[in-house]
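Data first, discussion second: the structure below is written as structure tokens.
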Amino acid sequence: MSQQKLADMVGVNRTTIGKYELKNVRPAYEVLEKMCRILHTTPEYLSGFDQIYPLHEEEPLELINFIREENYTLNGMPVTQKEKERLSKIIEVLYGDDEIKPNKYKKK
């Protein structure tokens, strides 16, 4: 699709689309939303945030320790120990590391 055609469909100038592409200007949320619908994509993709970045072992260690040991709330309710264990398991699965074991991140 050409810049001009997208600009016409979104309701902006062609040069504005060029500025978005060069990351010189960020589109207003409403414009971004229209572009996503027209291009059948997500804001993350258009913004370049769809990349998968390498994860470091220190990150899950710190995060899992926080999840398991700190007091915090979700939706205004204190998180129970059982919920903390579930959340930490979710993080372990998201990191997808075969070496991650449930007790690997417990403080010694």
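Where a number appears in this text, it was derived from the coordinates with a stated rule and is not lab data. Here the structure is a predicted model, which means the values were calculated and not measured. Every residue, glycine among them, receives a Cβ derived from its backbone with ideal geometry; neighbour counts consider all protein chains shown.
Using Stokes-Einstein with the Kirkwood hydrodynamic radius over Cα pairs, what translational diffusion coefficient do you get for region 3-47 at 37 °C and a viscosity of 0.692 mPa s, in µm²/s rounded to a whole number?
Using the Kirkwood radius from Cα pairs, D works out to 318 µm²/s.
For A28, what charge total do you get from the other residues with a beta carbon under 14 Å from its beta carbon, if Lys and Arg give +1 and Asp and Glu give -1?
Residues near A28 contribute +1 overall.
Tell me, what is the percent relative contact order of region 1-46, built from C-alpha pairs under 8 Å that lie six or more residues apart?
Computed over region 1-46, the figure is 26 percent.
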